[in-house]
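Engineer: Let me give you the structure first, and then I'll get to my questions.
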Amino acid sequence: MKSKLSTDILRKRDNSLFMRAGKGMFALRESADLAEYVAERHKKALLDEEVVVFDAQLRTRYVSSPGVVALPPALGRELLTQCRPMRRSSAEEDVSVIQLVSAFVVRHRDLFLTYKRTRRLPESRLHGFYSLSFGGHLNPDDIPPLWNIFEPESGLPFLERELSEELRLRTVGRRYSYLGVIWDDRAEVSKQHLGIVYEVELAEAQYEIGERGFLIDAGFESLDDIDSRIANFENWSEMLARFERTRMWRPEGVDQ
């Protein structure tokens with residue numbers, strides 16, 4: 001029953017008849033005068049969790065060169081069939097696999113939400129850098145067999161669970177767009193990860209950081225602001241900023 005209720009909430013979000021009222025507790029959304037319960041994340045060492053990986057030798061079939069690539073959902077589903085779980089600490093040391101992660105770019109009009117990564121996060125290679133995307137490692141539970149996480153209509157709720165751990169979005173009217181996947185070989189950390197990129201467009205510039213102390217100095221910035229201090233950002237963010245600028249200046253009716 002817990003699994004069925006959780007899946008209903010993940011799929012329908014605020015439109016679900018149910019809501020989380022506490023740890024292992026659920027309530028009817030219409031009758032409950034409660035705030036939605038969000039489980040804490042950092043109860044065990046993140047390097048001990050199981051993450052989703054695939055063989056690095058398969059990477060060129062899905063991403064032939066560095067950048068943001070519009071991987072078709074059908075090919076994404078094929079990629080999911082190649083994935084398997086692995087302990088994160090092992091995956092970080094194993095260059096023969098690539099870890100699958102989520103990457104959400106949050107936008108309000110022409111402003112983008114950025115933040116700084118602190119030393120409390122497990123990935124030391126990104127400490128002190130600013131980022132343009134939220135999200136993180138996918139766990140085996142994030143890839144159920146009936147849903148495709150490369151399609152917003154079916155698999156997005158499972159990715160949103162990952163996003164909600166870092167960023168709480170209570171506003172209505174947000175829209176999700178699947179942009180493709182991102183990969184880069186300029187740094188070892190980005191070489192070992194493949195990101196599924198979504199853009200989250202907010203109707204209002206309202207948010208709450210869910211991992212206080214882990215993510216700091218958050219705020220909305222223009223692409224010009226980001227470009228002016230791009231050296232402070234990790235390399236995926238540099239790519240995403242360039243990609244978003246191209247999208248924003250593309251004439252109407254022209255496909256990417």
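Quick note: the coordinates plus some simple rules give every number you see, no bench work behind them. Everything numeric here is computed off the predicted structure, so don't read it as measured data. Here the Cβ is made from the backbone with ideal geometry for all residues, glycine too, and neighbour counts use every protein chain on show.
Engineer: Take 248, 1 and order them by how many other Cβ atoms sit within 10 Å, fewest up front. Before the final figure, lay out each step's value.
Structural biologist: On the way: 248 10, 1 6.
Listing 248, 1 from fewest to most nearby Cβ atoms yields 1, 248.
Engineer: How do 96, 237, 16 line up, fewest other C-beta atoms within 10 Å first? Don't skip to the answer; put the middle values down first.
Structural biologist: Working: 96 9, 237 21, 16 18.
Taking fewest neighbouring Cβ atoms as first place, the list is 96, 16, 237.
Engineer: Want the number for residue 89 to residue 30: 0.36 nm per residue separation, take away the alpha-carbon distance, what's left? Provide the component values of the computation, followed by the final result.
Structural biologist: Numbers: separation 59, 0.36 × 59 = 21.24 nm, distance 4.26 nm.
Once the chain is fully extended between residue 89 and residue 30, it gains 17.0 nm.
Engineer: Now for a different question. Taking the beta-carbon count within 10 Å as an exposure proxy, list 223, 156 from fewest neighbours to most. Could the numbers behind the result be given before it?
Structural biologist: Values: 223 17, 156 22.
If I rank by nearby Cβ atoms, fewest first, I get 223, 156.
Engineer: Hey, quick one: spin label on residue 15, modelled 7 Å out along Cα-Cβ, who in region 144-169 has an amide N within reach, i.e. under 12 Å?
Structural biologist: 153-154
Engineer: First measure r as the distance between the Cβ atoms of residue 64 and residue 206, then evaluate 1/(1 + (r/R0)^6) with R0 = 35 Å and state the FRET efficiency to the nearest 0.05. Please list the in-between numbers first.
Structural biologist: On the way: r = 39 Å, r/R0 = 1.11.
Working from the Cβ atoms, E equals 0.35.
Engineer: Specify whether the C-alpha gyration tensor of region 70-114 places it in the rounded, prolate or oblate class, a ≥ b ≥ c being the square roots of the eigenvalues: rounded for a/c under 1.5, otherwise prolate if a/b is larger than b/c and oblate if not. Walk me through the numbers on the way to the answer.
Structural biologist: Values: a/c = 3.69, a/b = 1.54, b/c = 2.39.
Since a/c reaches 1.5 but b/c is at least a/b, the shape of region 70-114 is classed as oblate.
Engineer: Output wanted: per-residue J couplings in Hz (rounded whole) for region 52-60, from phi through Karplus 6.51 cos²θ - 1.76 cosθ + 1.60, θ = phi - 60°, x for Gly and Pro.
Structural biologist: 9, 9, 9, 5, 4, 5, 8, 4, 5
Engineer: Going 7 Å from the Cα of residue 139 toward and past its Cβ, which residues in region 46-88 have a backbone nitrogen under 17 Å from where you end up?
Structural biologist: From region 46-88, the list is 46-53, 84-88.
Engineer: Along the Cα→Cβ direction, 7 angstrom out, place labels at residue 227 and residue 153. What is the inter-label distance in nm?
Structural biologist: 3.6
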